[in-house]
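Asks: A single structure is presented below for examination.
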Amino acid sequence: MNKTETEYDLRPEFDLKSLLASKVGSERRSYGNLIRLEPDVALKFPDSEAVNEALRYLIELGKCPSLLS
């Protein structure tokens, strides 16, 4: 006799009572678009905060054209 998906027996080591449901809705944080860095660039930044800091610095430099010349 074949079991259907609804009749499937879980092994005893699978304890579903301890699972947590993922948050959905407005509580869930969105990270926007995922950007992949080239390997040589990624080596220069230890984490995403370092990348964001460098980009913010470049944005500020762009606001002062006299600093770029």
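The values are calculated or read from the model by the stated rules, or taken from the named source; none is laboratory data. Being a predicted model, the structure only gives us computed values, none of them experimental. Note that we place each Cβ from the backbone using ideal geometry, even for glycine, and neighbour counts take in every protein chain shown.
Asks: Between residues in region 43-66 that are without any contact (Cβ under 8 Å) to a residue 60 or more places away in the chain and residues that are of a type outside the set (Val, Ile, Thr), which pairs lie under 6 Å by C-beta distance while being six or more apart or on different chains?
Replies: Listed by first residue and then by second, the contacts come to VAL51/PHE45; LEU61/LEU67.
Asks: May I pose another question? Restricting to helices (runs of 4 or more DSSP H) lying wholly in the chain: which have 2 or more residues that are at pLDDT 90 or above and surrounded by 10 or more Cβ atoms within 10 Å (Cβ to Cβ)?
Replies: By residue number, 39-42, 48-62.
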